[in-house]
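The next block holds one structure in the form of structure tokens; read it before the comments.
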Amino acid sequence: MTKPIGLRGQGMSRRQILKAGLTVTAVAAVGRSGDAPAQIQTSRSQGIRVIDIHAHYFPQTYLDLVSGDGKRFNAEYHMTDKGWFIKTPAASNGPLSPKFIDLKARIADMEQQGVSVQAISLTSPMLYWGDEELSSKLARAWNDAATAAHAANPTKLVAFLTLPMLYPDRALDELDRARKLPGMRGVYMGTNIEGHDLDDPLFEPILGRIEAFDLPIFLHPVETIGGERLKPFFLSNLLGNPVDTAIAACRLIFGGVLDRHPKLQVCLPHAGGVLPILVGRLDQGWKTRPELKALPQAPSIYLQRFTYDTITHSKPVMEFVIKEVGAERVMIGSDYCFAMGYDRPVQFLEQIDLTSAQRQMILGGNAAQLLKL
């Protein structure tokens with residue numbers, strides 16, 4: 001690929017929850033991404049090391065820290081018979097599957113999906129809501145648990161480290177430490193950081209250090225645009241996530257970050273969100289608006305500076321994105337194990353018209369190069 005491109009004691013016990021999750025994994029036969037029977041591997045992916053770039057993980061030690069030290073921020077996590085819940089000042093999430101925590105259930109799901117490797121990352125509500133001390137402890141706890149997950153499953157799991165981004169000195173120290181941990185292959189951060197966009201000067205030294213270390217960044221929506229208007233109907237996710245991804249990409253483009261850091265590699269989730277479909281509009285603005293004249297190239301040129309996952313839930317949209325950015329910039333993603341993701345990410349790609357070489361790149365070749373696997 002071309003460069004740069006709790007509350008415990010509420011409801012069921014954790015043991016019962018995790019056991020239930022394994023049972024669900026064992027009996028699942030039909031996923032969200034289609035109606036075909038589940039298979040261990042599809043014929044066109046056999047013999048290929050399939051790498052899932054977009055898969056989320058909540059370690060128990062991290063959740064215990066949220067419910068312990070996080071109490072002074074009114075944060076908590078607890079399990080129930082319907083799943084588990086996490087609440088922070090930034091956002092709440094749940095009910096969530098025990099498979100987010102249980103590595104054995106995860107590996108069993110990967111086998112069923114035909115996925116060889118997951119690049120695991122944290123997800124909403126992230127850790128930016130804490131003060132300097134807690135945010136730093138949360139980042140360290142997640143990173144240490146992620147490298148332990150890799151050590152327990154060295155051929156199956158690698159990780160994107162996370163940082164206390166609002167505190168640059170702490171973030172740089174954790175970056176220097178965590179990047180050396182076994183299994184770390186990149187950096188994970190939100191599409192905005194507690195309302196700060198990624199071209200904020202606050203983040204400049206962190207982005208520069210990430211570039212110097214040749215680590216890819218994987219972005220993910222956390223607190224999305226829209227406010228009260230998008231709270232009904234799950235629109236904060238359905239619309240907010242893809243729009244916030246595009247905003248983050250545009251701030252990196254128009255804010256000059258990609259020009260200041262020509263080797264910085266950024267992966268956009270959800271196939272770039274609405275960015276690819278709106279790039280013509282962005283180009284028109286660049287041609288006609290005086291406030292955009294400082295950008296040295298058309299916004300469409302910068303599509304080649306990003307990589308993208310396959311989470312579109314649409315054959316024509318996925319084909320459009322591949323046509324716009326090139327198969328060499330697209331990688332399998334599942335959003336494991338959210339309902340808005342794919343149960344069978346490999347089978348989703350089966351319906352896309354690709355050459356054998358393109359299919360191999362998207363299934364694993366591109367990610368192997370990006371993550372240095």
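Nothing in this text is a laboratory measurement; each read-out follows from the coordinates by a stated rule. Predicted, not measured: the structure shown is a model, and the values here were computed from it. With ideal geometry, Cβ positions are generated from the backbone for all residues, glycine too; neighbour counts draw on all protein chains shown.
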ask   = Out of (i) 17.6; (ii) 20.5; (iii) 22.4, which label holds the value of mean projected area of the Cα convex hull in nm² that was computed here?
value = (i)
task = Work out, step by step, the length gained on full extension between E228 and L292: first 0.36 nm times the residue separation, then minus their alpha carbon distance; give nm to one decimal.
result = 20.0 nm
remark   = Proxy exposure order for V274, V325, V187 (fewest C-beta within 10 Å first) is V274, V325, V187
request  = Please give the per residue volume of the convex hull enclosing the alpha carbon atoms of region 112-179, rounded to a whole number of Å³.
outcome  = 82 Å³
key: Dipole moment magnitude, nearest 20 debye, the chain about Cα centre, only Lys, Arg, Asp, Glu C-beta charged   = 640 debye
inquiry  = With a cut-off of 8 Å between alpha carbons and a minimum separation of six or more residues, what is the relative contact order of region 48-177 in percent?
reply    = 27 percent
note = Each label sits 7 Å from Cα toward the beta-carbon; between N237 and F213 the label points are separated, in nm, by 3.1 nm
message = Using a Förster radius of 22 Å, what is the FRET efficiency between T155 and A357 based on their Cβ-Cβ separation? Nearest 0.05, please.
response = 0.35
remark   = Expressed in angstrom and rounded, the centroid-to-centroid distance over alpha carbons for region 74-127 and region 295-373 is 23 Å
